[in-house]
Amino acid sequence: MPDLSDRQRSQLETFVTAVEQSPHNLVSRQAKADLRTRHLSESLRFAHGLPAGPRLLDVGSGGGFPGIVIAVVRPDLRVELLEATGKKATFLRNTAKNLGLPVIVHHGRAEDLARSELRGRFDLVTARAVAALDRLLPWTMPFLRPGGELHAIKGARWREELEASDRALGSLGAVVVETPDASHDVREDGPFVVRIVRSST
């Protein structure tokens, strides 16, 4: 973990250990086996590639990858997490408190909270392994202010998802501004990040 302070390294180790030892199914069994080799390293690369915000919402935060990781390594961002499952939201809240992170955790479904006071409040929205893009866009774009960006971490089928999202993009006033093919930072093992801007109110 290069370019991290001793405190950040300690926070990340404490976080990963908490996920491993949690009695709840925060991540799948396979994901638990890959926490350090895949999920942590992927989240670190993703976090370091994010622009300045300053206000970021991670949708579908699950066990905290990448939301908690972003909060640890990007103190310049005001990080908020959104999680629909109660036990996961509680874990995220407790973890942020234990790590001394100024993170706000919202418990609820994205499609419901997008109609709340959170609508149009964020400069950045992130999402990892939440849903295909055509479903993800209506859940995430309403949280963005005009000009705000969605950074979606996708799998190897991101091209197919993007092609299936034309209608959603048009109806939501969203424009794709960067795909993995256009990024010089793409690694063979990901993360594959699709960057989409909300262009209209």
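Each value in this text was obtained by applying a stated rule to the coordinates, not by laboratory testing. In this text, all values refer to a predicted model and were calculated from it rather than measured experimentally. FYI the Cβ positions are ideal-geometry reconstructions off the backbone, even for glycines, and counts take in every protein chain you see.
Values as computed for the structure displayed
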read-out: Under-5 Å amide H pairs with G120, H placed in peptide plane, nonlocal only; value: F143, L144
read-out: Assigned charges on the beta-carbon of Lys, Arg, Asp, Glu; segment 6-198 dipole about Cα centre (debye); value: 540
read-out: Radius, Kirkwood style, for the chain when every pair of distinct Cα atoms is counted (Å); value: 16.9
read-out: When the convex hull of its Cα atoms is projected in every direction, mean area for segment 45-118 (nm²); value: 4.7
read-out: In sequence order, calculated HN-Hα J values of segment 114-129 (Karplus, 6.51, -1.76, 1.60; Hz; x Gly/Pro); value: 5, 9, 9, 5, 7, 4, x, 9, 10, 7, 9, 10, 10, 7, 10, 6
read-out: Residue-wise HN-Hα coupling along segment 143-150, computed from phi with Karplus coefficients 6.51, -1.76, 1.60 (Hz; x: Gly, Pro); value: 6, 7, 6, x, x, x, 10, 9
read-out: Of T37, L82, P180, farthest towards positive along the dipole that unit charges on Lys, Arg, Asp, Glu beta carbons give the chain; value: L82
read-out: Signed unit charges on C-beta, dipole axis of segment 1-137, positive-most listed residue V72, G120, A110; value: A110
read-out: Cut-off under 5 Å, modelled amide H: who pairs with V125 long-range; value: L57, E149, L150, H151
read-out: Burial ordering of T126, T90, T37, T179, fewest other beta-carbon atoms within 10 Å first; value: T37, T90, T179, T126
read-out: D_trans [Stokes-Einstein, Kirkwood Rh over alpha-carbon pairs] for segment 81-142, 20 °C, 1.002 mPa s, µm² s⁻¹; value: 170
read-out: Among 38-45, 17-24, the order from most to least packed when residues are scored by Cβ within 10 Å on average; value: 38-45, 17-24
read-out: Expected 222 nm ellipticity per residue - DSSP helices of 4 or more, -39500 (n - 2.57), all of the chain, to 500; value: -10000 deg cm²/dmol
read-out: Long-range HN-HN contacts of H106 with modeled amide H, under 5 Å; value: L81, L82, E83
read-out: Residue with peak Gaussian network fluctuation, the chain [Cα springs, cutoff 10 Å], from A156, A89, A168; value: A156
read-out: Most to least packed among 107-115, 135-143 [average Cβ atoms within 10 Å]; value: 135-143, 107-115
